[in-house]
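Single-structure report; data block below.
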Amino acid sequence: METKEDYNMEEVQKSDDSDEEYLNYPSIISRKDQNTEQMKDIERKYFNILKDINSDSKRLGELLIQENTLIKDTCSCLTKILAHLNLAVILPRIPAPSFREYRQVILNSQGHLITVKKDDFVESKLLERYPVETILLVVWAVIPRIKEIVNTYTRQVSTRLDLFERIDEELKHVKESFEAYEGGSDMGVKDSIRENAREAIIRKK
């Protein structure tokens, strides 16, 4: 049965075989029977690889700068949303090796990721200071929870709004009734209404 180590060695061997002409180049140049054309061809291919590495490295640097900026912006926006809602989100279990040792993971309203290990050791630091893979996993997990909570808040506010609208409507009717009555009454009747209201409040106390 082939083990993982054997498989990895086979992969390395294949890689070595494919690059054999480059690896053998130092010994080729020391030969007396040098093949000039072969040497030039190897050099050309080799330095093309170096040029590609240089080009890819520049592109990689640009991408890393862009990624770093986006991570900071994302974490900042997420923190502002959580702060506005005064919300800390307990994340569901994240199926990733880096989270296996944690018993609980919380993202609080200040943008700190709080991790509780199985031995109850607690660590807290800003989300953006974690490795990018961890940040992506946390953001991916927290967005659905924010959606649920915002939907819940929306329903609660909608219910309160409906209640206040009904109360406001009825109070307007009461106010209009008093205004209509006072509009056709003399000052003595108005004073009597106010006095009776005060006496009722005193008796209530």
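Worth a mention:
- Residue in region 79-93 that is closer than 13 Å to Glu128 by Cα and polar (S, T, N, Q) present: yes
- For region 116-157, the set of residues classified as exposed (fewer than 15 other Cβ atoms within 10 Å of the Cβ) and under 18 Å from Leu70 (Cβ atoms) consists of Leu126, Arg129, Pro131, Val132, Glu133, Leu136, Trp140, Ile143, listed by residue number.
- Scope region 76-113; condition without any contact (Cβ under 8 Å) to a residue 12 or more places away in the chain and of a type in the set (A, V, I, L, M, F, W, C); matching residues: Cys77
- Residue match in region 177-184 (condition: at pLDDT 65 or above, surrounded by 10 or more Cβ atoms within 10 Å (Cβ to Cβ) and within 56 Å of the chain's Cα centre (by Cα)): yes
- Taken across region 147-154, residues that are in contact with a strand residue (DSSP E or B) (Cβ under 9 Å, 6 or more places away or on another chain) and aromatic (Phe, Trp, Tyr) do not occur at all.
- The C-beta contact set for region 128-147 (first residue over 15 Å from Ala96 (Cα atoms), second residue part of a helix (DSSP H, G or I) and not aliphatic (A, V, I, L, M), distance under 6 angstrom, 6+ apart or interchain) comprises Glu128/Lys72; Glu128/Cys75.
The values are calculated or read from the model by the stated rules, or taken from the named source; none is laboratory data. Owing to the predicted nature of the structure, the values given are computational and were not obtained by experimental measurement. Cβ atoms come from the backbone with ideal geometry, glycine included; neighbour counts cover every protein chain shown.
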